[in-house]
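The values are calculated or read from the model by the stated rules, or taken from the named source; none is laboratory data. Computed from a predicted structure; not experimentally measured. Counting neighbours? That spans all protein chains shown, and the Cβs are built from the backbone with ideal geometry, glycine included.
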Amino acid sequence: MITSLLVANRGEIARRIFRTCRELGIATVAVYSDADAHAPHVREADLAVRLPGKASSETYLRGDLIVRAALDAGADAVHPGYGFLSENAGFAQAVLDAGLAWIGPPPAVIADMGSKTRAKKLMAAAGVPILSAVAPESATSADLPLLIKAASGGGGRGMRIVRDLGAVPEALAGARAEAAASFGSDEVFCEPYVERGRHVELQILADTHGTVWTLGERDCSLQRRHQKVIEEAPAPGLTDETRRALADAASSGAKAIGYVGAGTAEFLLAPDGRFYFLEMNTRLQVEHAVTEFVTGLDLVAWQLRIAEGRALPPEPPTPRGHAIEARLYAEDPARDWRPCTGTVRRFEIPSAPGIRVDSGVEAGTVVGVEYDPMLAKVIAWAETRDEAARLLAHSLAAARIHGLTTNRDLLARALTHPAFLAGEVHTAFLADHAVDLFAASTVSPLAPLAAALAEAASYTGPQPVAVPAGWRNLAAQPQVKRYLDGDGTEHEVRYRLTRDGLRADGLADVHLISSAPDSVVLDERGIRRTFRVATYDDASIHIDAPGMSVALSPVSRFPDTSAKPGPGSLLAPMPGTVARVAAAEGGVVSAGQPLLWLEAMKMEHLVAAPTDGVLAKVHVTAGQQVSVGAILAVVEPKEGPQS
Amino acid sequence: MTILATRLDPSSESYQANRLDMLAKLEALDAEHGKALDGGGPKYVERHRKRGKLLARERIELLIDPDSAFLELSPLAAWGTEYPVGAALVSGIGVVEGVECVITASDPTVRGGASNPWTLRKALRANEIARVNRLPLVNLVESAGADLPSQKEVFIPGGAVFRDLTRLSAAGIPTVAVVFGNSTAGGAYIPGMSDHVVMVKERSKVFLGGPPLVKMATGEESDDESLGGAEMHARVSGLADYFAVDELDAIRAARRIVSRLNWTKSGPGPLASGSAPAPEHDEDELLGIVPGDLKAPFDPREVIARTVDGSDFDEFKPLYGPSLATGWATVHGYPVGILANARGVLFSEESQKSAQFIQLANQRDIPLLFLHNTTGYMVGREYEQGGMIKHGSAMINAVSNSRVPHISVLIGASYGAGHYGMCGRAFEPRFLFAWPSAKCAVMGPQQLAGVLSIVSRQSAAASGRPFDEEGDAAMRALVEQQIESESLPAFLSGRLYDDGVIDPRDTRTVLGLCLSAAHNAPIEGARGYGVFRM
């Protein structure tokens, strides 16, 4: 019997595992890095153990500290969650060696599946179809396009698509470097790249008594940067034959390697219906919730039961209905998915029957550069796929998420896109439909108006409170307020609040029904809408209304006379750590020449010379932490500095 | 709670007629206000803008806090004179960085912002409001100086502008000058006498004598910038404390100055924090109370019921001297004692009651509100013998020596010594406003014409001359017309006899703003004797 479980993880997955523990009566132990000292998962655990430091390598990847923590806190089992040490056979072994229960398959199985090349060999031996590897040195144009992958990787890191033989060496080097940095091994391999393929995976649950369940498939084709964005169960548009063949392949593969616990067999499904084994994930998947929704199972509970030696019933439950999950990331899809950091000011996703939110954040959570920018998973279930998509899209659209840029709009658009609703999903979906999905949303003039009126309603001064905001006995000038939206577009609002109501320039059809600091009700041509307005200490204003979620920042009436960075200054595009500096002060640089790399959110961002000239000043050194907007270097253009 | 009931019937014919009459007067008032807003007219406004300059009211809007209220004062100054309505100056009470200030801004589109006799009176009135209510004064200056053709009326009394500035400073009331353009010769003493001075790069021009005058006086060759530019005054003479790069920067600097004044209101705050209860009765109905013909009496309690918090009014001595209603209420949370003429005439009882009431308000440090609709003190043998003068004098004595803030609103007639007793302009109420329905003169036009007619008839009889009946009728019509026009609010406002003509529906707001402004100074009534029961 497990009585106390340590979760060697953070964020939403730690909270999700704790939830099941609470339902089963199991005590919970969290671990946390210094960056997570105030994170929700820490607060929700019965006990929490600090892992000193911020970097993952000092904290969540320190198996020795985590085993020590489990023993110190009196835990009798360790759940690794996903990511971090979840597929680390050495860690699994260390947990077992410490006399603790390990929530996952035996270390030998993890090791076997950990190397993609070895896993493929084992699966091929079990009769599971695979894509055969291509030796990159001897690749010909007939093999193109090629996909280079890290052997021990995942999550898209160390992955490159090559469409030109000449680009192979550079791609290999890049993939190796990234693999080495991310996974500690620079082993990569090469295989044919299937265009417009689908990513379909099978959920496996196996007990220690020889029962192996396959719990239906999930489609995880909607990806960006090789990372999943939207996942669903079942996969749309599969024939029963394909479905069965996939399940059989997964099941026989799992049996062949003696799999135990929850795992996932990932397949690449080609447009022609053929499929190939990609890899086996020996852990709980991020997207396990969609399977839970359609099967009614609690996979974490079953992981724990299997670890306790319980046997699965002979037959798995029959899946029912359709579930879709959307991963809410703090990132800006319009800016090449750039991760966004900051403080979550508000995080409210309206609850509804059929909606499940697994969130790692709440109002006040600081999302930093240290970890994955996933904020939450929102999962919807309904009898049919269309209904589930509608429900999920609506929940996302109605969510109030303030303080960070997120991919929420993109998710809602993808879920309502005709091609998605037609089941036409594949890994290039987001790129193919970029025009529809990434279209800049124009900010309705009602949003800045609502912001201005909420501000007016919250005005307090030395004069009597009940005197109408902006009152004039002679109406000479309107109130003028200006706001910047997220794209840097300025919106000017000119309005008067008169005895006869609102008079807003250019919005003659808009009437003010009521206003309060947090809510403005406007009537536009007979359509009444409530704008919920939230203002935060950093002066940012968020306006949420049906079909609208806008973040604005007020523009001062007076120009900023404080010092501005000189011309040619290169500013940090985001907070991060300087990975390396490639050019020396005083050197001649040409436009586009790499000057330095900034590491943030596990990605390296190149900072290049904006123009030909001289690198006049380098303000940073490798390893230095910089905040967004920090001056990294100054390039003086060839002609000499502009005055 | 003593909630006033209403007998006003908005569906009645008289209400509807009164309302239409008032709306017509408001429309006419809007048109006059429009003249002030137009400043020097499109041509000069355009020229001013082309120079990259902000208009006077734009400067004020940027100076005051967003969404704060601004009470413009004396907008009709110079109405009915040879000078443009508004008198080339905008003045009012606004909030800068959370501080209520008196703000003036020269309107350079009106004859270069030059000071004519009415500009001067308006500026002096603004200074007085700053002084008596202890409000910081911010002057946004851009003026060509004195209007030379009227120098005889501007030059000698105009010294008071500079005297006021330094006396305000001496009294601890901050003064700020932001010089946007010309402020030369005498005008140079506006920055000279102010506590804080902001000048604008390449715009401010502050010198005693310009290049031509200097050349004439000493033969020296010079230019504007070296004689009086912002940079010179900021770096060399030290007259400027803040060097602003442009107008916006100058206004920003002025706001920073006010934010650093360490200003707190010396008077008590409103009784209850938060929003005071609105009147129980509809403020919109204030339009239908006062009849177009002031001969018909109306109950001022209907006005009070639509002005004071929660329509809650505790009447003092309702059965004694019923021609004047007196009582206690709050307006936007500020306690007030109200005196309101109920039936026009003031008798001995009303006079005694008001003297007692004013003494009570002084003992309690409660501001007084006077709602005028009086034809004056009662005349006639019985009343003279009854001591009407003594009793009226007691009331005027009480009003004159009362030291709590007074606010007068002329809602109907304000004739004769009744105007004095009800705290007319000469009795220095902190603020005095008129409704468009108001009339104010020594007596009604018909009475005045009639008196003149009787006097000339007696004179003819005494000297045995035949009386010219036809001439008399013509004279009476002419006098009546003249007095009528000179009793009207726009005319009186033009001569600075009030601080503005207001929409009746704004009365509560205006009173709230004025009471709030007045509470920047301590509220201390006159003391000395106990309250005389009269």
Find the residue count for region B:125-155, including only residues that are closer than 22 Å to B:A426 by Cβ and modelled with pLDDT under 95. 1
Taking B:Q447 and the conditions (1) of a type outside the set (D, E, K, R); (2) more than 13 Å from chain A (Cβ to nearest Cβ); (3) closer than 19 Å to B:P436 by Cα, which numbered condition does it fall short on, given that it satisfies the others? (3)
For region A:469-520: of the residues being in a loop (DSSP other than H, G, I, E, B) and in contact (Cβ under 8 Å) with a residue 40 or more places away in the chain, which is farthest from the other protein chains (Cβ to nearest Cβ)? A:D487
Report, by residue number, each residue of region B:283-298 that is acidic (D, E), surrounded by fewer than 19 Cβ atoms within 10 Å (Cβ to Cβ) and more than 12 Å from chain A (Cβ to nearest Cβ). B:D293
Confirm whether A:A270 is touching a residue at least 60 places away in the same chain (Cβ under 8 Å) and either surrounded by fewer than 17 Cβ atoms within 10 Å (Cβ to Cβ) or in contact with a helix residue (DSSP H, G or I) (Cβ under 6 Å, 6 or more places away or on another chain) (or both). yes
Restricting attention to helices (runs of 4 or more DSSP H) lying wholly within region B:13-119, give those where 3 or more residues are without any contact (Cβ under 8 Å) to a residue 40 or more places away in the chain and more than 10 Å from chain A (Cβ to nearest Cβ). B:13-38, B:42-50
If A:D523 meets every condition in (1) of a type in the set (D, E, K, R); (2) part of a strand (DSSP E or B); (3) within 14 Å of chain B (Cβ to nearest Cβ) apart from one, which number is that one? (3)
In region B:317-346, how many residues are surrounded by fewer than 21 Cβ atoms within 10 Å (Cβ to Cβ) and either within 14 Å of chain A (Cβ to nearest Cβ) or more than 17 Å from B:K439 (Cα to Cα) (or both)? 9
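Yes/no matrix, rows are residues, columns are (1) of a type outside the set (S, T, Y); (2) modelled with pLDDT of 90 or more; (3) part of a helix (DSSP H, G or I); (4) assigned by TED's automatic domain parsing to the domain that holds A:I66:
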position: A:G81; (1), (2), (3), (4): yes, yes, no, yes
position: A:L85; (1), (2), (3), (4): yes, yes, no, yes
position: A:V95; (1), (2), (3), (4): yes, yes, yes, yes
position: A:M113; (1), (2), (3), (4): yes, yes, yes, no
position: A:M123; (1), (2), (3), (4): yes, yes, yes, no
position: A:G127; (1), (2), (3), (4): yes, yes, no, no
All positions within region B:222-253 that are over 35 Å from the mean Cα position of the chain (by Cα), farther than 15 Å from B:S183 by Cβ, part of a helix (DSSP H, G or I) and acidic (D, E): B:E231
If you go through region B:425-449 one residue at a time, how many are within 21 Å of B:M378 (Cα to Cα), small (G, A, S) and part of a loop (DSSP other than H, G, I, E, B)? 2
Out of the helices (runs of 4 or more DSSP H) lying entirely within region A:368-451, which hold 2 or more residues that are under 30 Å from A:G576 (Cβ atoms) and touching a helix residue (DSSP H, G or I) at 6+ places or on another chain (Cβ under 8 Å)? A:408-416, A:429-432
Looking only at region B:467-505, how many residues end up being of a type outside the set (A, V, I, L, M), within 14 Å of chain A (Cβ to nearest Cβ) and crowded, with 22+ Cβ neighbours inside 10 Å? 6
Single residue of B:L492, B:L513, B:L448, B:L488 found to be within 14 Å of the chain's Cα centre (by Cα) and more than 24 Å from B:S400 (Cβ to Cβ): B:L513
Applying the selection to region B:254-267, what residues are within 13 Å of chain A (Cβ to nearest Cβ), surrounded by 12 or more Cβ atoms within 10 Å (Cβ to Cβ) and either hydrophobic (A, V, I, L, M, F, W, C) or outside any helix (DSSP H, G or I) (or both)? B:A254, B:V258, B:L261, B:W263, B:K265, B:S266, B:G267
Matching residues in region B:120-140 - criterion: being away from every other protein chain (no Cβ under 14 Å), under 24 Å from A:A469 (Cα atoms) and part of a helix (DSSP H, G or I): B:A126, B:I129, B:A130
Scan (1) among the hydroxyl-bearing types (S, T, Y); (2) assigned by TED's automatic domain parsing to the domain that holds A:A450; (3) not in a strand (DSSP E or B) for the single condition A:T561 breaks and write down its number. (2)
Within region A:316-341, tally of residues that are closer than 17 Å to A:D298 by Cβ, within 15 Å of the chain's Cα centre (by Cα) and in a loop (DSSP other than H, G, I, E, B): 0
Do we have B:G327 as part of a loop (DSSP other than H, G, I, E, B) and not aliphatic (A, V, I, L, M) here? no
Reported set for region A:93-124 where residues are farther than 17 Å from A:I257 by Cα and hydrophobic (A, V, I, L, M, F, W, C) is A:A94, A:V95, A:L96, A:A98, A:L100, A:A101, A:W102, A:I103
Of everything in region A:456-467, what is more than 7 Å from chain B (Cβ to nearest Cβ) and either assigned to a helix (DSSP H, G or I) or within 28 Å of B:G39 (Cα to Cα) (or both)? Give them in sequence order. A:A457
For region B:506-534, what are the residues that are surrounded by fewer than 20 Cβ atoms within 10 Å (Cβ to Cβ) and not hydrophobic (A, V, I, L, M, F, W, C)? B:P522, B:E524, B:G525, B:R527, B:G528, B:Y529, B:G530, B:R533
Within region B:175-187, can you find the residues that are of a type in the set (A, V, I, L, M) and under 11 Å from B:S143 (Cβ atoms)? B:V179, B:A185
Residues of region A:247-259 being of a type in the set (A, V, I, L, M, F, W, C), surrounded by fewer than 24 Cβ atoms within 10 Å (Cβ to Cβ) and in contact with a strand residue (DSSP E or B) (Cβ under 6 Å, 6 or more places away or on another chain), in sequence order, are A:A247
Is there a residue being more than 23 Å from A:A388 (Cα to Cα), of a type outside the set (S, T, Y), at pLDDT 95 or above and surrounded by 23 or more Cβ atoms within 10 Å (Cβ to Cβ) anywhere in region A:307-321? no
Breaking point among (1) within 30 Å of A:L304 (Cα to Cα); (2) surrounded by fewer than 23 Cβ atoms within 10 Å (Cβ to Cβ); (3) touching a residue at least 12 places away in the same chain (Cβ under 8 Å), for A:I110: (2)
Could you give me the residue pairs with C-beta distances under 8 Å whose first residue belongs to region B:229-245 and is away from chain A (no Cβ under 14 Å) and charged (D, E, K, R), whose second residue is buried (at least 18 other Cβ atoms within 10 Å of the Cβ) and not in a helix (DSSP H, G or I) wherever it lies, and which are 6+ apart or on separate chains? B:E231/B:F243; B:R235/B:F243; B:D241/B:H196; B:D241/B:V197; B:D241/B:V198
